[in-house]
């Protein structure tokens, strides 16, 4: 994704509307390149996760425009491209797969990032019922090849209300989301034509977590 990272590198240094409008064609070329990769990822994921069949890249891509209404940082544009591949696309709360393109900060991720309270409660109840569910996922060879552990953006300091603080899976119950992430350490790897195939393998390795979260959410 040469065009994608090159444009984003420039945007980071020139995050204003005048520059963006003057370089709109370069933005459109970069977004088209990223869209083509997302299309390949959807097709690759569909081979082992039929729920994404028929999803269009445009429904997965996040807008580049920032919402600055409540932010001290008034920069108008995000300096990264992102796409969330799941039934329903980026607006879906369903467990799914995420790709993040940003110079020197590219990564692949998946799971449930910020679940609704009812969904979070359902996952916690499932963990109480089967404390070994997530450890089993984490200990799989395919998982360990790409990920360290299931984590979240935030973690409670103590047990959630109504849950036993001495439960054997308390560290999982304290999570506010259930996600995994795989860092792409070199931008050159992200630009490699073989990257989409590599990303699909990473996403496939996280499917046991996706399946677990979906089975809980759908009950």
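Read-outs: derived from the displayed coordinates by stated rules, not from any lab. If you're wondering where the values come from, they're calculated on a predicted model, not measured in any experiment. Every residue, glycine among them, receives a Cβ derived from its backbone with ideal geometry; neighbour counts consider all protein chains shown.
Just to confirm my numbers, what's the Cα centroid distance between region 5-47 and region 166-206 in Å? Between the Cα centre of region 5-47 and that of region 166-206, the gap is 22 Å. Each Cα pair under 8 Å and six or more residues apart adds its separation to the average, and for region 79-204 the resulting relative contact order is 28 percent.
Counting only alpha carbon atoms, the long axis of helix 195-205 and the longest principal axis of the chain meet at about 10°.
The candidate values were (i) 26, 21, 16; (ii) 36, 25, 13; (iii) 33, 20, 15; the one computed from these coordinates for semi-axes √(5λ) of the Cα gyration tensor in Å carries the label (iii).
Normalised by the number of residues in region 2-217, the average gap of Cα pairs under 8 Å and 6 or more apart makes the relative contact order 20 percent.
Neighbour counts of other Cβ atoms within 10 Å put 41, 61 in the fewest-to-most order 61, 41.
The order of 127, 99, going from fewest to most other C-beta atoms within 10 Å of their C-beta, is 127, 99. Computed over the chain with a Gaussian network model linking Cα atoms closer than 10 Å, the most mobile of 174, 90, 17 is 17. Annotation: the residues 167, 182, 153, sorted from fewest to most other C-beta atoms within 10 Å of their own C-beta, follow the order 153, 167, 182.
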